[in-house]
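Engineer: Pasting a structure here, questions to come.
Nothing in this text is a laboratory measurement; each read-out follows from the coordinates by a stated rule. Quick caveat, the model's predicted, so the values are computed rather than measured. Cβ coordinates were reconstructed from backbone atoms using ideal geometry, including for glycine residues, and neighbour counts include every protein chain displayed.
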Amino acid sequence: MRTLALVLLPILLAAQTTISPDRETALIRAVSDDYRRRVTIVENDAAREYLNALAASFRPLLPETVPALTVALTRPTIHQPSRAPAGLPDGHVTVPIPAITAAAEEAEFARHFAHAIAHISLRHGFRAVDRTAQSPTGIPLIFFGGWLCSDERRLLPIAWRTGKQQEEAEAEADAYAGRLMEAFRPNPAFAALRAELRALTAPAQRPTLRRASEAR
């Protein structure tokens with residue numbers, strides 16, 4: 001019986017990796033919505049304008065199949081402490097404030113931003129198939145069947161629980177980002193935005209005896 005189960009396991013896994021386009025769309029929405037629920041959106045007109053301009057500069061180098069890019073500035077939380085921009089499969093890019101404030105220069109930030117877009121363009125987590133060669137109703141998922149809740153209770157590709165495929169995806173995204181950076185042109189608005197965000201997020205100074213005496 002155990003031998004039979006081992007023989008059937010690859011077949012069962014293969015069956016689970018094929019879903020209909022409608023179900024793939026629903027899964028993409030679920031993954032993206034799950035992530036957005038766990039971040040804090042920061043409304044900032046200067047950031048929105050700059051990030052939209054940067055996304056637009058990369059757009060001509062992306063395939064037409066890539067969904068429309070939308071951006072949002074976020075504040076890291078206990079549940080989402082990452083400082084790196086995140087590319088969601090529906091084309092949404094979230095940018096934590098520290099990704100901008102901690103960047104030594106604009107090109108450094110732009111490359112991280114391009115890396116997030118690369119994950120979207122490369123469909124890491126989802127891969128379309130040649131529908132003329134395979135079933136016209138199925139789209140197999142990379143990462144052995146889709147997405148699971150991680151220990152942090154957020155959706156992640158199953159294979160990202162192992163190091164190898166995650167490393168391969170990151171390396172692929174790095175190379176893709178390098179090609180996108182060919183379209184990068186410095187924007188003077190970045191320095192002003194970084195200074196503004198640094199001022200907004202600067203830790204408040206704790207009162208000291210010296211400052212208290214100076215105030216008196």
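Engineer: Write out the GluC sites (Glu not before Pro) in segment 47-114 meeting two conditions: DSSP loop, and at most 14 other Cβ atoms within 10 Å of their Cβ.
Structural biologist: Sparse-neighbourhood loop GluC sites (Glu not before Pro): Glu64, Glu105.
Engineer: Give, in nm to one decimal, the length gained when the segment between Arg48 and Ala192 is fully stretched (0.36 nm per residue of separation minus the Cα-Cα distance).
Structural biologist: 50.5 nm
Engineer: Please give the FRET efficiency for Ala104 paired with Ala175, using the beta carbon to beta carbon distance and R0 = 25 Å, rounded to the nearest 0.05.
Structural biologist: 0.65
Engineer: Right, next: List Glu172, Glu167 from most exposed to least, where exposure is judged by having the fewest other Cβ atoms within 10 Å.
Structural biologist: With the sparsest Cβ surroundings first, the list reads Glu167, Glu172.
Engineer: How much length is gained on full extension from Thr40 to Gln166, taking 0.36 nm per residue of separation minus their Cα-Cα distance?
Structural biologist: 42.8 nm
Engineer: For a paramagnetic label modelled at 7 Å from the Cα of Arg111 toward its Cβ, which residues of segment 168-198 fall within the zone defined by backbone nitrogen distances under 15 Å?
Structural biologist: 171-186
Engineer: Same structure again: Counting other beta carbons within 10 Å of each residue's own, what order do Phe109, Phe184, Phe190 fall into, fewest first?
Structural biologist: Final ranking by Cβ density, sparse to dense: Phe184, Phe190, Phe109.
Engineer: Follow-up question, since we're still on this one. As a footprinting exposure proxy, order Glu24, Glu170 by other Cβ within 10 Å, with the fewest listed first.
Structural biologist: In order of increasing Cβ crowding within 10 Å: Glu170, Glu24.
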